[in-house]
Amino acid sequence: MKKLSILYYVIPFLCLMPFFTAPIALAAGILLTLLKIEKPYEIKKYTSKILQWSIVLMGFGMSLEKVIETSQTGVLLTAASVLLTFLFGMVLGYLYKVDKNTTMLISSGTAICGGSAIAAVSPIINAKNNQITFALTVIFVLNAVALFIFPVIGQALNMSQENFGYWSAIAIHDTSSVVGAGAAYGKEALEVATTVKLTRTLWIIPLSFLVLFLNRKENKTNKIKIPWFILYFVIAIVIAYLLPQYQETYNHMNWLGKKGMVLALFLIGTSFSIEDLKTAGLRSFLLGITLWIIISLGTLFFFL
């Protein structure tokens, strides 16, 4: 399989092609991993940076008026969904007898933005590597499923672009999958989904303080990670608004951001591991799946 390692260079190029969509990229990454094709370079080194800068570049394609309107409309809904999701997750973790740290990680990842929230919360609660792996695996699998089925469900139910954008932003964990699902559904869905999701991502900060408070007895020295790329995303939107004469350049940057997101999903797919899937444990999966179904159905009925 060593000769096939060239696919790790070919597929990133294909990610620039219009036919190579986000779901295809994710599936391609998973397939390479399942075939045990050797990775010729360090994947994790690039994934998060490509993801974050792709989001920033996509900011140049956003309308400031639309962002303000969407943020104002979605802020209360976002706040309620984050707090209720985290609360439901903690209760389900107790009922399923999942350990406290894994429960907090899965609940945080589901409430806000998947892997980014898990990465922010894990040092606060001094989570063990296996607990982080469990949570990431559960979130990864559900993200992959959502990326494929959400656009199909939206089309079947004849959801509007705006409502699908809100639904996917709240019910899908990771930013990359939210953007992928939104892009698959339509331009307006993508704009709404991205804006609401990034508004939701800001809740990493207050949620981290909440987790810090809940674990104040166990931990004395903790650090909270702030997602600075969101600030750069907002700056990109403002620049595009204040300097409209460079619209053609912004269009190219927005295109590059969208293609970068497809590439990020391919790289994320290559991190899939059957071993992690096996070791995650049935209870952890039940927690993640139950919480995801509750949030997905609850928000779906709200927007129908």
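The values are calculated or read from the model by the stated rules, or taken from the named source; none is laboratory data. None of the values given here were measured: they were computed from a predicted structure. In this analysis, Cβ positions are derived from the backbone assuming ideal geometry, glycine residues included, and neighbour counts consider all displayed protein chains.
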Report task. Residues being part of a loop (DSSP other than H, G, I, E, B) and not β-branched (Val, Ile, Thr): count how many of those fall in region 251-304. Result -> 6
Query raised in the report: Within region 167-225, can you find the residues that are modelled with pLDDT of 90 or more and of a type in the set (D, E, K, R)?
Result: GLU188
**Report entry** Enumeration of residues in region 36-60 that are among the β-branched types (Val, Ile, Thr) and either at pLDDT below 75 or assigned to a helix (DSSP H, G or I) (or both)
**Finding:** THR47, ILE50, ILE55, VAL56
Report summary line: Expected output for region 8-21 (first residue within 13 Å of LEU267 (Cβ to Cβ) and without any contact (Cβ under 8 Å) to a residue 40 or more places away in the chain, partner exposed (fewer than 13 other Cβ atoms within 10 Å of the Cβ) and of a type outside the set (A, V, I, L, M, F, W, C), Cβ below 8 Å, 6+ apart or cross-chain) is TYR9/PRO40
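Table: residues versus (1) under 28 Å from TRP228 (Cα atoms); (2) in a loop (DSSP other than H, G, I, E, B).
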| residue | (1), (2) |
| --- | --- |
| PHE20 | no, yes |
| ALA28 | no, no |
| LEU77 | yes, no |
| LEU87 | yes, no |
| MET90 | yes, no |
| GLY109 | yes, no |
Report summary line: For SER63, the lone unmet condition from (1) under 29 Å from GLN247 (Cα atoms); (2) more than 16 Å from the chain's Cα centre (by Cα); (3) surrounded by 11 or more Cβ atoms within 10 Å (Cβ to Cβ); (4) at pLDDT 80 or above is (4)
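Report yes if ILE124 is β-branched (Val, Ile, Thr), outside any helix (DSSP H, G or I), in contact (Cβ under 8 Å) with a residue 60 or more places away in the chain and over 27 Å from ALA236 (Cα atoms), otherwise no.
Working: β-branched (Val, Ile, Thr): yes; outside any helix (DSSP H, G or I): yes; in contact (Cβ under 8 Å) with a residue 60 or more places away in the chain: yes; over 27 Å from ALA236 (Cα atoms): yes.
Yes: the conditions hold for ILE124.
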Query raised in the report: From the list ILE139, ILE118, ILE106, which one is buried (at least 24 other Cβ atoms within 10 Å of the Cβ), at pLDDT below 90, within 15 Å of ILE293 (Cβ to Cβ) and among the β-branched types (Val, Ile, Thr)?
Result: ILE139
Query raised in the report: Does THR33 fit the bill of being over 17 Å from the mean Cα position of the chain (by Cα) and closer than 17 Å to SER271 by Cβ?
Result: yes
Report summary line: Picked from region 172-184 (must be assigned to a helix (DSSP H, G or I) and crowded, with 24+ Cβ neighbours inside 10 Å), the residue nearest to the chain's Cα centre (by Cα) is THR175
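With the structure loaded, tell me whether LYS44 is farther than 20 Å from LEU265 by Cβ, surrounded by fewer than 15 Cβ atoms within 10 Å (Cβ to Cβ) and of a type in the set (D, E, K, R) or whether it fails that test.
Working: farther than 20 Å from LEU265 by Cβ: no; surrounded by fewer than 15 Cβ atoms within 10 Å (Cβ to Cβ): yes; of a type in the set (D, E, K, R): yes.
It is false that LYS44 is farther than 20 Å from LEU265 by Cβ, surrounded by fewer than 15 Cβ atoms within 10 Å (Cβ to Cβ) and of a type in the set (D, E, K, R).
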Query raised in the report: Within region 142-155, which residues are among the aromatic types (Phe, Trp, Tyr) and either closer than 16 Å to THR103 by Cα or surrounded by fewer than 22 Cβ atoms within 10 Å (Cβ to Cβ) (or both)?
Result: PHE148
Query - Near pairs, Cβ below 9 angstrom, 6+ apart or cross-chain, from region 254-267 (over 11 Å from LEU51 (Cβ atoms)) to any residue that is of a type in the set (D, E, K, R) and assigned to a helix (DSSP H, G or I) - result: none
